[in-house]
Each structure stands twice: as structure tokens, then as C-alpha cells.
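Trainee: Just dropping this structure here.
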Amino acid sequence: MNTTNTFNKNLIDPAMFLDSRKIEGPVLNSTFPANVSPWFLTGYTDAEGNFDIHIFSNGKALAKTGIKFRFRIAANYKDIVLLCAVKNYFNSGSISTIRKDTDVVMLEISSIEVIKNVIIPFFDNYPLKGTKYFDYVTWKNSFIDFLENKDSLESKLLLIERLKESKDNLNRNKQEFKLPMNHLENIDPNYISGFTCGDGSVSLVTGPENFNKGFGRATLVITQHVHNKLLLEAIMKYFSVGTITSVKSRPFEINYVVSNKDDLNNTIIPFFEKYPFYGLHSISFLKWSHIVKYLLKIREDKSIFDRQNKEIIVSNVRAIWLDKSTLLYNDLSLGSEGLTEKMTDLFNTPPDL
Ligand SMILES: [Ca+2]
């Protein structure tokens, strides 16, 4: 490993980062690989992005009103490398900590020129697939209205009224949810990986007390508001495995769930190996997929189970799954050589007889 690589893997100190509200160091240089699909960014935006119009009083502005169009993406600070990569992809924006209590960081792009020349052409070419698509359309139309009417007092006063109305139909307030069915045809696989990278999660039951019941149960879940049911159904149709479920206590949520190990091994894992996550999710996925394959191997070959008794299996799985040391690497994708080595050691060395 050369020294440049070592430098790029500096840890982000969470305490320092959250205290300063400033992001420094090599993390700012994170970039997607040159061949990243734009559809990944659309999928990630559909999960974590937000299109917003900010209207505020400003004594110096025409009509004493400031207007700001914002494209924003929020993430846990541990995933700041991914936000930096998005920022560098669009070559614009600023990142700040918005809430210390929840450790959320946010990328905000609000430059008029960048919205006009970069963001809108991007989302016109690679349109959002979920109900956020309607937010984008409302936001874009308002932005065009803004460009045309922001410069004279009379037209700006009317513009402000129209923008207030648009705001009443944006995001949490939106009224329209039914996407035309062909909108969801031919979903690009990179969209699915970007969307899952934002709103999906992989989980694993590691409680040793459940060894014969739940231990090793692995699940991929994507949770959405019920309004986005068509999108989850389209994703399920793409994979042809899994189910859509809901729980009574959360009536506005639905989940796309895959937990059958053969489906995970034959469909889900190969898919995300081909269309990878970036950032934090790439590390979780790497760990999770190794464990799923290991557990399947044990199930298939009873002799492995006999040789590696229950305690060793449990401790191997827990050693990998509960290892948090890699989570703060300034590393966009699957670069954790240390972790990969550890997994190879634990899962592939011949067991003691
Ligand atoms: Ca979301």
C-alpha cells in the first residue's frame, strides 16, 4: 500500500467533526469512480434528497424578500464521504452539520447557475422514479418562474405568491402521488442500488442465545411511505424475490423484505456486487454478504458445522458483524482491506479439528 492510500484512509474523528461543524481533510476529496452511473445518484436522491424553496425576509432584496432554491441531501455524518462525492460530482454545494443530536449532515446546492445548468438538466435526463418526482417537477417549474420574474418589483410580488402556493404542494404537503405506470418501466439497476443505498438496510440476527431459532437470520429491507408502494413493487418485480409487508403500528410505512437465504445468495448479493453501494452501506454490505455466504456454506455442508462448533460460528459472525472499526474510514467503496483480510481469516481458514 502506498502512502497516498494510507493518507486517504485517515479516520474522521466524530467528536472533532461534530464540534467544529467544519469538514476538513481528505474526506473532502472523495469522488465516485469515473464510471459511476448517473442513475445511482438519481436513486440516492430519491431516497435521501429534497427539493425546497426557501422564502425569507431580507431588507436588502427586492420586495424585501429573499428567495432561495435548494437541492439538498441529508445523511448520517458517518456517510459524509458519500455526500462529498455527490458534491464533487456536481462540482458545487456546501456541507454542514445540521443537528448535533441526530448527527445528521447535509449537502446543500443553491447556486442559481448550478441549478439551471447542472441540477435541472441532470434530473431531466435521469428522472426520479418515486413520488419525489412530483416535488422535482413543482420545484423546477417554480424555478423557471423565478428566473423569469425575480427582477422587477411588480412581477416579484406576484411570483412570491405563486411560490408560496407551490410550497404548499411540496414535500410533506404534496397532494399528488399516483405515478403514471410507465414511469416505473425499465428501472435502471444503478437506480435501485442508489435508492437502496439511501433507504435500504441489511440486518443480521447475531444473538447467540437464538442459535437454533433466529441466529443468522439475514434480511434486506427497504422502507417507504405507503405512497411509494408502486416504486417498491417495481423493485420487487425487478428482483422477482421477496415480499412487501407492513406492520399495524406503523400504518404509513411499507417494507420490501427479502430474507430467504437462497434468494439473498442467488439474487440480491450478486446484484449489489455488480451494482455496488458507496459509502457506509458498502461496508455493511461487504460484511453482511460474507456472513450470508458463510452461513449457507455451513447449512449445505454439515461437516463444517460439526468441525466448527456453535461457539466458533457465533463468535466468527459476531466478530465481523459487530466490528465498528471500519465505519469511519474515509473510503467510498469496499476499500477496507483490513476487514476483508479479517473475514477471509475467520471464514476460510481450515477449522481446528
Ligand atoms: Ca427517504
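Trainee: Counting other beta carbons within 10 Å of each residue's own, what order do 205, 36 fall into, fewest first? Could the numbers behind the result be given before it?
Mentor: Details: 205 15, 36 18.
Ranking 205, 36 by Cβ neighbours within 10 Å, fewest first, gives 205, 36.
Trainee: Given the convex hull of the Cα atoms of segment 223-333, what is a quarter of its surface area in nm²?
Mentor: With the hull built on Cα positions only, its mean projection is 9.0 nm².
Trainee: Taking the alpha-carbon distance from residue 164 and a cut-off under 18 Å, which aspartates and glutamates remain once sequence neighbours fewer than 8 residues away in the same chain are dropped?
Mentor: Candidates past the 8-residue exclusion: 52, 135, 145, 148, 151, 154, 176.
Trainee: Cα-Cα over 21 Å: which of 78/140; 132/261; 140/237; 132/167; 261/342?
Mentor: Violating the 21 Å Cα-Cα cut-off are 78/140; 132/261; 140/237; 261/342.
Trainee: With the crude spin-label approximation of a point 7 Å out along Cα→Cβ, what separation in nm comes out for residue 29 versus residue 169?
Mentor: 4.7 nm
Trainee: Next question. Taking Cα centroids, how far is segment 97-116 from segment 229-294 in Å?
Mentor: 28 Å
Trainee: To one decimal place, what Kirkwood hydrodynamic radius in Å is obtained for segment 41-150 from all pairs of distinct Cα atoms? Write out the running numbers ahead of the final one.
Mentor: Numbers: mean 1/r = 0.0680 Å⁻¹.
Over segment 41-150, the inverse of the mean reciprocal pair distance is 14.7 Å.
Trainee: Give the calculated FRET efficiency between residue 300 and residue 244 to the nearest 0.05, with a Förster radius of 30 Å applied to their Cβ-Cβ distance.
Mentor: Once rounded, the FRET efficiency stands at 0.55.
Trainee: Are there chymotrypsin sites (Phe, Trp or Tyr not before Pro) in segment 66-129 that DSSP puts in a loop and that have at most 16 other Cβ atoms within 10 Å, and which ones?
Mentor: none
Read the figures in this text as sums done on the coordinates, not as results from a lab. Since the structure is predicted, the reported quantities are computational estimates derived from the model, not experimental observations. As a convention, Cβ positions derive from the backbone with ideal geometry for all residues, glycine included, and neighbour counts pool all protein chains shown.
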